[in-house]
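The values are calculated or read from the model by the stated rules, or taken from the named source; none is laboratory data. All values reported here derive from a predicted model rather than from experimental measurement. Cβ placement follows ideal geometry from the backbone for every residue including glycine, while neighbour counts extend to all protein chains displayed.
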């Protein structure tokens, strides 16, 4: 039977519950345990698919087409395993399921209530995540005391009775703030947060304390006394230069050992974290640097392109180069011109997105990269604008005007296919989840992957219009990857360019710090080469 670790948060949001959960997953997996991680989100949305990136950050997509919270991206990057829709539970999902059961008569006419029906449904989702696993790590979104989170806290309280107290551990992530006027750290917020948990009936065994400053032993003892935990179970979580150092820091404080003790588990082996140490060493002290322009329209929100930025960092670590990201609003390019905004970068990346706002700026960025031989990488919409730019300025094709993504445009280069709604039942008019792609031998994409067939995750509505493929290829654009079942172009590239590639999918979702994505490695490798060439030219 699986064991369960529940990670809760207190005082304020955004303390790093997700990174704490993911780091624990790394440590336990390195010890030889089969681990799964699940996110329990109290919001009423059924999933994150319709959420505004400015409010919620990116939407992470799993192989089975689930549009999930971005924390699942952290989970996958850390434990290096593909998750599914079962790993992200929302209040919307829970209530939808319970109401459907009530309408079918599954409750035999009984009064449907938050307890036990909602809490039981939450527990069933947690138990489902534990099938064929040794340990399930469940992160509860929000902060203890939030009204919307109460059913989730009640559900995890009941889990100790349902599966046995020896099979459950509670870890509370809290804030120890620095009060400038008093020139000291304050433990009272943590005390009140734990008191709120205890009122619910949850007794945390481990405290992970976020702070800007080191926590002295006397303060550790004070929190241990008032929060009813042992002093060695008060874990210090300082700000790190990279999130990938967190597992190393927690391991040094025996965080995983504390969890194993709480769960009465014996570790098969000691964890080997050499690969994570290499990641941290290269990130903190690289031998070179490249600057990449990320041209989007949600760049004011730091999490809107989270997986993209992490994938760039992973590739930089692979090439022992610091990746400096220049966040560029595509509308700034429309206003000031591509050269004024993009000059000096060694690579240009245009990520995915929806809607027509900022499209012309992205097209201009693609043109600037093509004409100036700057490495270019287009993801999803970034591939589409690259095709439109090429069709417009190289081929002179009709349908490559500013309304290229407008369904009302006649014969557009990028269009909504007539049978789009029949492609997948995962997303209605969207193509969501993992689909296969056959690579064309001799292309940069095939060389990067080193395989003939790949499988990547999608999240989009529009496709490259096959009516224009011949003209595009005649003018020098190579179709480097194809989804054979529907005869859809998946990868385009320019063979006479140092690195100019667009992909219809989202490769960033499969990148890992210890296993960077091959296309991102190829892109950053080209940027590093350009940087070195420029340096030699400047030095004569």
Kindly list the number of the only condition in (1) touching a helix residue (DSSP H, G or I) at 6+ places or on another chain (Cβ under 6 Å); (2) under 28 Å from residue 232 (Cα atoms); (3) surrounded by 22 or more Cβ atoms within 10 Å (Cβ to Cβ) that fails for residue 205.
-> (3)
So which residues in segment 337-365 are within 23 Å of the chain's Cα centre (by Cα), free of Cβ contacts under 8 Å to residues at least 60 places away in the same chain and farther than 13 Å from residue 379 by Cα, if there are any at all?
-> 355
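Does segment 63-82 hold any residues that are part of a loop (DSSP other than H, G, I, E, B) and more than 18 Å from residue 27 (Cα to Cα), and which are they?
Matches in segment 63-82: 63, 64, 65, 66, 69, 70.
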Positions within segment 233-247 being farther than 26 Å from residue 2 by Cβ, without any contact (Cβ under 8 Å) to a residue 60 or more places away in the chain and in a helix (DSSP H, G or I), in sequence order | 245
The condition of being closer than 20 Å to residue 90 by Cβ, touching a residue at least 60 places away in the same chain (Cβ under 8 Å) and not in a loop (DSSP other than H, G, I, E, B) holds, among 38, 19, only for 38
Here are some conditions: (1) modelled with pLDDT under 95; (2) under 19 Å from the mean Cα position of the chain (by Cα). Residue 87 meets all but one. Which one does it not meet?
-> (1)
Expected single match for exposed (fewer than 15 other Cβ atoms within 10 Å of the Cβ) and in contact with a strand residue (DSSP E or B) (Cβ under 7 Å, 6 or more places away or on another chain) among 281, 239, 320, 275 is 320
Taking interchain pairs and intrachain pairs at least six residues apart, which have beta carbon atoms under 6 angstrom, with the first residue in segment 290-308 and without any contact (Cβ under 8 Å) to a residue 40 or more places away in the chain and the second not in a helix (DSSP H, G or I)?
-> 299/327; 299/329
Taking segment 338-354 as the search range and keeping residues that are in contact with a strand residue (DSSP E or B) (Cβ under 7 Å, 6 or more places away or on another chain) and within 19 Å of residue 430 (Cβ to Cβ), which one is surrounded by the fewest Cβ atoms within 10 Å (Cβ to Cβ)?
-> 352
Those residues of segment 47-68 which are buried (at least 18 other Cβ atoms within 10 Å of the Cβ), within 15 Å of residue 88 (Cα to Cα) and touching a helix residue (DSSP H, G or I) at 6+ places or on another chain (Cβ under 7 Å), in sequence order = 48, 58, 60, 61, 62, 66
Residues (within 19 Å of residue 476 (Cβ to Cβ), part of a loop (DSSP other than H, G, I, E, B) and in contact with a strand residue (DSSP E or B) (Cβ under 8 Å, 6 or more places away or on another chain)) located in segment 355-393 | 374, 375
Pick from segment 113-132 the residues that are modelled with pLDDT under 95 and in a loop (DSSP other than H, G, I, E, B): which of them is surrounded by the fewest Cβ atoms within 10 Å (Cβ to Cβ)?
-> 132
Picking from 194, 144, 173, the residue that is in contact with a strand residue (DSSP E or B) (Cβ under 8 Å, 6 or more places away or on another chain), buried (at least 20 other Cβ atoms within 10 Å of the Cβ) and in a strand (DSSP E or B) would be 173
Is at least one residue of segment 188-198 farther than 10 Å from residue 175 by Cα, within 30 Å of the chain's Cα centre (by Cα) and without any contact (Cβ under 8 Å) to a residue 60 or more places away in the chain?
-> no
Restricted to segment 156-166 and to residues being buried (at least 19 other Cβ atoms within 10 Å of the Cβ) and touching a residue at least 60 places away in the same chain (Cβ under 8 Å), the residue farthest from residue 143 (Cα to Cα) is 159
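What strands (runs of 3 or more DSSP E) completely inside segment 424-540 contain at least 1 residues that are exposed (fewer than 15 other Cβ atoms within 10 Å of the Cβ) and under 20 Å from the mean Cα position of the chain (by Cα)? Please lay out each step first, then the result.
Numbers: elements: 431-439, 453-460, 478-483, 488-493, 500-503.
Of the strands (runs of 3 or more DSSP E) lying wholly inside segment 424-540, those with at least 1 residues that are exposed (fewer than 15 other Cβ atoms within 10 Å of the Cβ) and under 20 Å from the mean Cα position of the chain (by Cα) span 453-460.
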Among the residues of segment 318-327, is any at pLDDT 95 or above, in a helix (DSSP H, G or I) and either in contact with a helix residue (DSSP H, G or I) (Cβ under 8 Å, 6 or more places away or on another chain) or more than 30 Å from residue 485 (Cα to Cα) (or both)?
-> yes
Residue 281 vs (1) in contact (Cβ under 8 Å) with a residue 24 or more places away in the chain; (2) more than 30 Å from residue 329 (Cβ to Cβ); (3) in a helix (DSSP H, G or I); (4) within 25 Å of the chain's Cα centre (by Cα): all pass except (1)
